[in-house]
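Some notes on the structure that comes next.
The values are calculated or read from the model by the stated rules, or taken from the named source; none is laboratory data. Treat the numbers as computed from the prediction; the structure is a model and nothing was measured. Just so you know, the surface numbers come from the protein's heavy atoms only, side chains and all, with ligands and any DNA or RNA stripped out. Shrake-Rupley method; radii C 1.70, N 1.55, O 1.52, S 1.80 Å.
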Amino acid sequence: MVHTSLDKIIALQQNTSNIRNLCILAHVDHGKTTLADCLVASNGIISNRLAGKLRYLDSREDEQIRGITMKSSAISLHYATGGNDYLINLIDSPGHVDFSSEVSTAVRLCDGAIVIVDSVEGVCPQTQAVLRQAWLENIRPVLVINKIDRLIVELKLTPQEAYTHLQKILEQVNAVTGSLFTSKVLEERAEKDLEKQGTSEGSSGEQIYDWSAGLEETDDSHLYFSPDQGNVVFASAIDGWGFSIQQFAQMYCQKMGIRSEVLLKTLWGDFYLNAKAKKIMKGAQAKGKKPLFVQLVLDNIWNLYEAVVIRRDKEKVEKMVASLGLKVASRDARHSDPKVLLNAICSQWLPVPQAVLTMVCDKLPSPLDMEAERVDKLMCVGARRFESLPAKTQELKTAFLACKNDETAPVIVFVSKMFAVDSKALPQNKQRPLTQEEIAQRREAARQKHAERLAANQGANEGAENPEQALARAAPQTGPPAGESGTGGEAPSGQTEAPAPRPARPPEESKDHFIAFARVYSGVVRKGQKVFVLGPKFDPSQALNTLPEGCCATDDIPPVPHMACCTLESLYLLMGRELEELNEVPSGNVLGIGGLEEWILKSATLSTSPACPPFTPLNFEATPIVRVAIEPKHPSEMPKLVRGMKLLNQADPCVEVLIQETGEHVLVTAGEVHLQRCLDDLRERFAKIQISASKPIIPFRETVIRPPKVDMVNEDLGRQHKVAVIHQVKEDQSKGHEGVQVDSGGLVTLTTSNKLATVGVRAMPLPEEVTRLLEGNSDLIRTMEQFNLSVKEGKTLEINQKTLESIRDFKEKLEADLQGWKWRNAVGHIWSFGPRRYGPNILLNNLDGYQRPSAWQCLEKEKPEAGAYRDFDSSIVSGFQLATLSGPLCEEPLMGVCFSVEKWDMKFSPQPARQDSAEEDTSRDAPGPPSAGEAEPDSALSSGGQSRRRNEAAADCYGPISGQLIAAVKEGLPASLSGQAAAPHGCHVHL
């Protein structure tokens, strides 16, 4: 196919109904990039002979060496079918589990997906993961069963055996989809029944709940993959062929005299052809007949492979080529590799791009077909309901669904990731082809210079000939002689020219530039346009109350938290390894945006409307768990390492960069392959220095367990062990924090440095089922914390009924698991969860007479009043968060520990102060203890002069009282674990 011009792509971007945004998803080595090569070759970008070998979308050197995709990359293709021209925005994504974050960034920008399954390996773990990601993002998948040639060449299956094998693969894929669908329907059914129970509480009699009712009523036929529905393609991308049932139905409808609609329904299934009656009958398996799919489809493919690859029967091959009406080049027929001849035949008979792209255009939705449910999920962050959003924000849903391109439509763009591009790859720094006018001008200029040179030489020799005669003599020439092309003057250079002369480039100009990988959901994005950059914590209701009505990004507006204004410096069309500069991009298209590296770290939402909410955060299947400490080999290059790690953190959506309290620079990655790629990027691209890395460390979790009653030879430890524990506690107390005292009952007393505050804490291990419950409901705990924060700030956060019911069920399960006298009323006294306020540890408020807002405020109708120590309440919580984040053994996070605060005495009595203390807000955003300037001790106390003077006097030598409480709790809580921590005899690693 002829290469599609840039003007044609720009014209196709205007027709939103014929745009298809899709990504390729699969397990590693199932053939994603090979199939992408075939699709790219259909547009003439690469040769058909190089498809599957070039790996065009794997632009990194390490991707080519390892043979796996590490970065998702996009390309725009043109495909014509049924009299319509379609624009295919294709994104090739990795299949390795270490790079599953790249899959998340690709899926968010798409409306559909091509799921590839290896016909030999079947459904693999990453296949299930990508199907789940597509389901969570509400995008429609189609299926390609690839590498069918392996069934013939490697497994040597018969066509009948291959048909049975393919049926099993389809069942496996549909089982994954069915489980996802079942869980969704049951959740919706349970939610509806809970609403009915609330309205009919007075109904009498026993009710029997039928869980299968919702499954029977819901139509799920469109969700499953079936060849007769047209959403399945059988292919061998490496051999260049692929087909759908529709293609063979159209082939045989004229030969057999059977309607294509009938063949479409019977080619896949338990049907066979009765040759005598010339009818298609049912019951092939019961009657021992060949299924129609085997007889009409697989037998032909098997015969072709047998003649070309296995037996190399030239006569049979010639007959097949003649019967199919194909033309094969003589060099392909004489080639020593039979796969070359096979590819030449199959790419004409059953071209895989035609089968896949036709299925994509027919079965995958356009941006205009976006479901309302997906829009609600994108716009509602956390537990917020769509109905609770401001009215102007709800109006944007219409713009989402309409995908308008007019001037009045608000611009809404989502950036899923930032990727680095070398400055030489930018379009403005590349050589560009010359136009015909420029070629003619350069030819004329060269002709004149040559004529002047000849005239000057002749004038020096003869002194009589004028330049006009020399010019007339040189007129028939079209350029300078070949021997003079390298001497002075300007010679014509064919079809390309170097960039215009520029001043000498400084070394900084060769640095990496960051391009935003984005999609336009509404409006038209233009080069030089000003937009709002909305962070993940941006609240549109707060912005609408702060900003004047009808304001835009070009106006001079007051500052709004988590919102900034930026200019879109450049827009790019993503063409795999190439970038093409654009002036504007309409809605529904995938694009690259330059100049946002100073405004966006990893992902963000862009809009011209301040009412637009930030998009829901991306769903990452894998979390970074492998960490290494990094340092430069030459200490003087530490600033380069710091800068390089910042660039790496921005360029990779999954990596984490940390600086420990010891000053170590730590890199946290998703796996060993991901780690090696990050280290290579640091050495060769971002830091460009020699670095040394420690051995990889997998993070652990620390916990406490009951002391064993017997030793390793099953002898009773008894009193001897208790005495040893007491001596160990006393020894630890003498070595530990000077303000920590441990009594014989296990109560640890923490005292601040100025001796004005004393806190008594006791540590207890949580039951294992409680720890698992807390880990499994971290999202609900996070929602509860967001609600408590909004209440504390005087705002209202609406939580949908489904989430409230889930929180209520979570509380009931917690109460059921915490049984016994020591856990009496423990759930109602929960002060906080940790670390990071949603971890598997609990802080209990067991202080007599201390009333504070409950952690379950979202389930309560009345809010309790704050106690006398309300301003220092957050200091206890901050110390608890820091202590659970770094355990006493290996400085790893704690899990399964309950800290009960049983005593809290202070030698002066501050007055109750306002609820919205700045110190707690600081502790929520930053896990570390605030500095003296951030803690603001004066705002922590009342405005009374005596209380302020006492606090200032305490702060002179030891710092603010709030900071002292944080430090005391952080240092003292690990001491409460003394005597309960035991040497680990086992290790549980969660991957």
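Below, the figures for the structure above:
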item: Relative contact order of the range 511-574, defined on C-alpha pairs under 8 angstrom at six or more residues apart (%); result: 47
item: Average accessible area per residue (Å²) across the range 86-172 - probe 1.4 Å, nucleic acids and ligands excluded; result: 28
item: Cα-based equivalent ellipsoid of the range 578-662: semi-axis lengths in Å, sorted from largest, via gyration tensor; result: 32, 18, 13
item: Probe 1.4 Å, all protein chains present, accessible-area order of Val585, Val742, largest first; result: Val742, Val585
item: Accessible area in square angstrom per residue, the range 360-444, 1.4 angstrom probe; result: 48
item: Solvent exposure ordering (accessible area, 1.4 Å, most first) of His513, His3, His665; result: His3, His513, His665
item: Largest-first principal axis extents of the Cα set of the range 291-430 (Å); result: 74, 52, 30
item: Accessible-area composition of the range 322-445, carbon plus sulfur, in percent [1.4 Å probe]; result: 51
item: Surface share of carbon and sulfur [accessible, 1.4 angstrom probe, percent] for the range 510-668; result: 50
item: Lysines with Cα under 17 Å of Lys795, excluding same-chain neighbours fewer than 8 positions away; result: Lys537, Lys861, Lys863
item: Cross-link partners of Lys287 among lysines (Cα-Cα below 16 Å; sequence separation of 8 or more within a chain); result: Lys276, Lys279
item: Pairs from Lys168/Lys314; Lys147/Lys290; Lys527/Lys602; Lys404/Lys530 whose Cα-Cα separation, in the structure shown, is over 25 Å; result: Lys168/Lys314
item: Amide H partners (placed H, <5 Å) of Gly671, local residues excluded; result: Ile625, Val626
item: Dimensions (Å) - the range 366-408, Cα atoms, principal axes, largest first; result: 31, 22, 12
